[in-house]
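Before any comments, here is the structure.
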Amino acid sequence: GAGVSQTPSNKVTEKGKYVELRCDPISGHTALYWYRQSLGQGPEFLIYFQGTGAADDSGLPNDRFFAVRPEGSVSTLKIQRTERGDSAVYLCASGAGRWGDGYTFGSGTRLTVV
Amino acid sequence: GENVEQHPSTLSVQEGDSAVIKCTYSDSASNYFPWYKQELGKGPQLIIDIRSNVGEKKDQRIAVTLNKTAKHFSLHITETQPEDSAVYFCAASIGAGGTSYGKLTFGQGTILTVHP
């Protein structure tokens, strides 16, 4: 596609529920990143994929968070037993190179846990 | 790990004036410094970037300067327009030779308001 697509754009869920957030990167981009942005803050790194593998998941806050990219394209961020503190905008970005330069962000999924 | 500090947190200017936003970073291994503009409800959009092998880069009304010795870099916007109003983020990462990927550490953001 023309850009990075994230669905849904908004998600409201109850505390304790499971959610999945989807990212469709730009076609051909091998690098894919997930970031989390809390209100009034800069994005914080969660996980980086190069192809199908998670090259760095050091930003995932705990074992309730998990992400996959089984075919090296679409990625899903999964959050189990959601907590109110998980409320944030989850951003996905994709890039063609191995550096951070020029990678493109999607518009994000705004997750609200009530 | 890397820590990026950004100032000011808010900046208000009159149309036509210049705006300057400054960032400092902690990890001397960082070598890639992008700036992003984020409008309400949208993801960050790359507006300009600089690598550690250059000291300054310009693109029309936007310029970025880098001082590696002092570990700080700045965004300069000249002839500001109301449509420049947005949140601006600086970021830093370590490219090839270090961890060789684009994990970015972001500053806290600057809310720029340009008054007509």
Expected sort for A:GLU83, A:GLU71 with the fewest Cβ neighbours (10 Å cutoff) up front is A:GLU71, A:GLU83
Mean projected area (nm²) from the convex hull of Cα positions in chain B is 6.9 nm²
Out of A:ASP63, A:ASP24, A:ASP86, a Gaussian network model of chain A with alpha-carbon springs under 10 Å gives the largest mean-square fluctuation to A:ASP63
Answer in debye to the nearest 20: the dipole magnitude of the protein assembly as shown about its Cα centre, from +1 Lys/Arg and -1 Asp/Glu charges placed on Cβ, is 440 debye
In order over the stretch B:17-27: 3J(HN,Hα) from phi, Karplus 6.51/-1.76/1.60, θ = phi - 60°, whole Hz, x for each Gly or Pro, gives 6, 9, 10, 10, 10, 10, 9, 10, 10, 9, 8
Here the alpha-carbon Rg of the stretch B:22-81 over 2.2 N^0.38 Å rounds to 1.17
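Neighbour counts of other C-beta atoms within 10 Å: give me A:VAL68, A:VAL113 arranged from fewest to most.
A:VAL68, A:VAL113
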Long-range amide H partners of A:ILE47, meaning residues 5 or more apart or on another chain whose placed amide H is closer than 5 Å, are A:TRP34
extent check for the protein assembly as shown: Cα max minus min per principal axis, descending, whole Å, gives 49, 41, 32
Quick note on A:SER38, A:SER87, ordering by fewest other C-beta atoms within 10 Å, gives A:SER38, A:SER87
Simple SL model, points at 7 angstrom along Cα→Cβ for B:GLU83 and B:LEU40; separation in nm is 1.8 nm
Toy charge model, Lys and Arg Cβ at +1, Asp and Glu Cβ at -1: the stretch B:1-109 dipole around Cα centroid in debye, rounded to 20, equals 380 debye
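Residue separation times 0.36 nm, minus the C-alpha to C-alpha distance between B:SER12 and B:SER28: what's the value?
Details: separation 16, 0.36 × 16 = 5.76 nm, distance 3.15 nm.
Computed gain between B:SER12 and B:SER28 is 2.6 nm.
Mind listing which chymotrypsin sites (Phe, Trp or Tyr not before Pro) in the stretch A:1-59 are in a DSSP loop and have 11 or fewer other Cβ atoms within 10 Å? Could the numbers behind the result be given before it?
Numbers: sites: A:TYR18, A:TYR33, A:TRP34, A:TYR35, A:PHE45, A:TYR48, A:PHE49; in loops: A:TYR18.
Sparse-neighbourhood loop chymotrypsin sites (Phe, Trp or Tyr not before Pro): A:TYR18.
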Debye calc, one equal point scatterer per Cα of the stretch A:11-114, no solvent, log10 I(q)/I(0) at q = 0.12, 0.16 1/Å comes to -0.36, -0.64
Computed ³J(HN,Hα) along the stretch A:64-71: with the Karplus parameters 6.51/-1.76/1.60, θ = phi - 60°, integer Hz and x for glycine or proline, the list is 7, 9, 8, 9, 9, 8, x, 10
Taking Cα pairs closer than 8 Å and at least 6 residues apart, the relative contact order of the stretch B:8-52 in percent is 30 percent
Phi-derived 3J(HN,Hα) across the stretch A:40-46 with the Karplus relation (6.51, -1.76, 1.60, θ = phi - 60°), rounded Hz, x for Gly and Pro, is x, 10, x, x, 10, 5, 10
Among A:THR104, A:SER58, A:SER38, the residue whose Cα sits farthest towards the positive end of the charge dipole of chain A (+1 at Cβ of Lys and Arg, -1 at Cβ of Asp and Glu, taken about the Cα centre) is A:SER38
So, with points 7 Å from each Cα along the Cβ direction, the B:GLU56-A:SER27 label distance in nm works out to 4.2 nm
Along the dipole axis of chain B (charges at Cβ: +1 for Lys and Arg, -1 for Asp and Glu; origin at the Cα centre), the most positive-end residue among B:ALA29, B:GLY43, B:THR110 is B:ALA29
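No value in this document is a laboratory result; all are computed from the given coordinates. Only a predicted model underlies this, so the values are computations on that prediction, with no experimental measurement involved. Because the Cβ atoms are built from the backbone with ideal geometry, glycine has one as well, and the counts that use them run over all protein chains shown.
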